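The structure under discussion appears below in the form of structure tokens.
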Amino acid sequence: MIFVSEIGDKTFLIAAILAMTNPRLTIFLAACSALWLMSILSAFLGHAVVTFIPMSWVSIAAAVMFLVFGVKLLQEAREMDGSEIAKEMHSVEAELSEKDAAAKSQLAMEAGEAGEYTSEAGVAESFNVNVDVDGGRCVEAAGECSTDSVLNSLKNLLGLLLSPVFVETFVLVFLAEWGDRSQLATIALGAARNVYGVTAGTILGHTCCTGLAVLGGRLLASRISVKKVTYAGGALFIVFAILYGYEALDMKNVI
């Protein structure tokens with residue numbers, strides 16, 4: 001359900017567009033981190049609701065919510081004319097362009113400072129490392145090569161996680177996902193089902209969808225029929241509404 005509802009969504013397009021001009025791995029990790037965090041928070045929020053509200057009422061609320069989402073999606077699909085994905089893509093591109101223009105001057109100022117720091121670090125490192133050309137071995141004055149390798153790997157990881165591209169993508173995806181149908185559906189599923197299974201399934205769905213977006217999301221978005229995907233999502237939501245409604249009635253009968 002998460003996979004179907006996220007194809008062609010705003011978070012999908014954000015990852016697809018950013019991956020065209022930035023390192024794909026950075027965009028993938030940033031978008032997935034935001035979606036994973038949102039999935040965990042939503043699933044456990046739904047799980048916490050069960051401690052205050054009877055399970056039968058939770059199932060009824062979930063059934064009503066899924067029914068509303070399903071009917072709304074079917075109505076949106078019927079009104080689509082095929083240009084929705086292009087409009088959404090232009091909207092996302094305009095939003096990203098505005099943010100990029102606002103941050104460009106600040107990044108330019110930081111680039112000069114970063115360049116000086118990098119050159120100084122390179123000079124300092126040249127004094128600490130001596131390369132043995134014949135043996136192909138690295139001999140450090142202050143430590144072993146293995147320690148330096150671990151430190152460099154840690155430095156690269158921190159540089160990736162703290163890079164402006166990673167932070168920008170994380171914030172954009174997290175905010176775009178907040179209040180989305182998939183988040184509300186995760187809350188409902190976390191309240192009515194095993195929270196760990198819901199969390200794992202939601203994370204898997206988001207990861208697969210984000211992977212597609214990063215690898216070829218723009219091409220995929222232009223080729224798929226958003227109308228058909230929306231119809232499928234609406235039908236799936238209605239199926240879940242029926243299942244939860246039946247479960248709620250069964251609980252009432254048991255009581």
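What follows draws every value from the coordinates through simple rules; no lab data is involved. Keep in mind the model is a prediction, meaning the values are calculated, not measured. So basically every Cβ, Gly included, is an ideal-geometry build from the backbone, and we count neighbours across all protein chains shown.
Assorted remarks:
- Segment residue 204-residue 97, length gained on full extension (0.36 nm per residue, minus Cα span): 35.5 nm
- Model label sites at residue 81 and residue 68, defined 7 Å from Cα along the beta-carbon direction, differ in position by 2.9 nm.
- Computed FRET value (nearest 0.05) for residue 51 with residue 171, which takes r as the C-beta separation and R₀ as 35 Å: 0.65
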